[in-house]
Structure formats: C-alpha cells, structure tokens
Amino acid sequence: MNITDVRVRKVAKDGKMKAVVSITIDDEFVVHDIKVIEGEKGLFIAMPSRKASDGEYRDIAHPINSETRNEIQDIILRKYEEMIAQEEAEAEAATYSMDY
C-alpha cells in the first residue's frame, strides 16, 4: 500500500480538531474526512466515523493493524506539520516585508 496523495484542509475554528484530511491509496482509492486532533499527548488522527443509533461513534473505514495505522498517521501528521510551517513562514515573510 502506498499513500500517493495527502490533502490537508485546516479547520479555521478554535478547538481540538485542527484539520480534515483526504488520502489517496495507490492512485486508486480515496479516504475522506480523516481528522487531525490535538490530544493531551499531542496530535493524532481519527478515522472517518458516523454516529450509531446508540449514540456511539463507529469508524466507517480504518486500518486493520497498528502498523498500517501508524504509517498513515505518520504521513498525515508530517504533511500537516509541513503545511503549518509553510503558513508560519509566509506570515513571517509578510510581516518582514511590511516592516520595510
């Protein structure tokens, strides 16, 4: 399995959810609505889910083993952190150019 594309959409509102992500697997299969969440121990991903009739949330799609989950999470969080770093660099550059 190769994750061939990762698209991160930052969430504008304050809160624990930081972004919503779509991944493409092997240029053939897309999973939407993976969430990047800020937890007590740092960032993690939550797979797409829906609320069941008993009020519990159940994953719609998810990895079968922890190795695959870790691989997906590492790729998504790396892409998210790259996006945040780029936004910060652009904001800093804009501030610097306004000073001159």
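Laboratory data are not the source of any read-out in this text; all were calculated from the coordinates shown. It should be emphasised that the depicted structure is a prediction, and the values quoted were computed from it without experimental measurement. Don't worry about glycine lacking a Cβ; one is built from the backbone with ideal geometry, like all the others, and counts go over all protein chains shown.
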Would you mind calculating the relative contact order of the chain from Cα pairs under 8 angstrom and at least 6 residues apart, reporting the percent as a whole number?
18
Report the charge-dipole magnitude of region 3-99 in Debye, nearest 20, computed about the Cα centre from +1 at each Lys and Arg Cβ and -1 at each Asp and Glu Cβ.
500
Residues whose placed amide H lies under 5 Å from that of Val11, excluding near-sequence neighbours:
Ala19, Val20
Could you work out the local net charge near Val30, counting Lys and Arg as +1, Asp and Glu as -1, over the other residues with Cβ closer than 11 Å to its Cβ?
-4
Cβ-derived FRET efficiency at R0 30 Å, Glu90 paired with Thr68, nearest 0.05
0.35
In nm, the gap between the two label points placed 7 Å beyond Cα toward Cβ at Glu82 and Phe29 is 2.3
Zero-based 5 Å bins, Cα pair distances in the chain, whole percents:
2, 11, 18, 22, 17, 12, 8, 4, 3, 2, 1, 0
